[in-house]
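No value in this document is a laboratory result; all are computed from the given coordinates. Worth saying up front: this structure is predicted, and the values here are computed from it rather than measured. Virtual Cβ from ideal backbone geometry, glycine too; neighbours counted across all protein chains shown.
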Amino acid sequence: MKYILSLVLFFPSFFVNAEGIEPEKVIDKTIQLIVADKVGEAFDFAIRSNASFKDLKADTESAKDDFISLIKKVGVPSACEKLVTRNLNNRYRTDVYLCLSEKQPIELHFEFYRPNSEWRIQSFSYSSDVDKHIEKSIEREIGDKSILKDK
């Protein structure tokens, strides 16, 4: 089963937030809620720092319903493991997590943007198509083993 959905905003004028966030806390709390089978709350928490999601209510609710449906299909994850974190000039940050459920793994993607002094969520997305990460890790593993090291 392959499933990809993303809420992405490209217009900086949409970013309105008075309090700012800490990306690690958003990620940790979102994952805690998902593992506790509070998937709807997790989705709402993940996107709450970006006021423009409220302006896109129909799209946001549809994405939330799809996320809840996906978790029901694959099972509530028992744990999530960080695959990668990248930070570009302390202005744009992306984090990818692998979440382990009974039927199959899913990926969570968090993207944060800091136009001024405070971070905001840029995108929260999820996918059940984790094959690309497995393929890349196999290529790296084979590449590491095929390199002759000088002694």
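Our estimate of slack between residue 57 and residue 38, defined as 0.36 nm per intervening residue step minus the Cα-Cα distance, is 4.9 nm. Sort out for me the Cα centre separation of region 56-78 from region 97-120, rounded to whole Å. Region 56-78 and region 97-120 have Cα centres separated by 14 Å. Treat each spin label as a single point 7 Å out from the Cα along the C-beta direction, and report the residue 83 to residue 65 distance in nm. Going by the 7 Å Cα→Cβ label model, 2.8 nm. For the residue pairs 25/82; 38/64; 72/103; 25/54; 73/103, the C-alpha atoms sit more than 18 angstrom apart in 25/54. Peptides 101-112, 60-71 ranked from most to least packed by the mean count of surrounding Cβ atoms within 10 Å: 101-112, 60-71. Under 5 Å from the amide H of residue 126 lie the amide H atoms of 5, 109, each residue being 5 or more positions distant or on a separate chain, with H modelled from the backbone and absent for Pro and chain starts.
The HN-Hα couplings worked out from phi for region 112-127 by the Karplus form 6.51 cos²θ - 1.76 cosθ + 1.60 (θ = phi - 60°) are 10, 9, 10, x, 10, 9, 10, 6, 9, 6, 9, 7, 10, 9, 8, 7 Hz, whole numbers, x standing for Gly and Pro.
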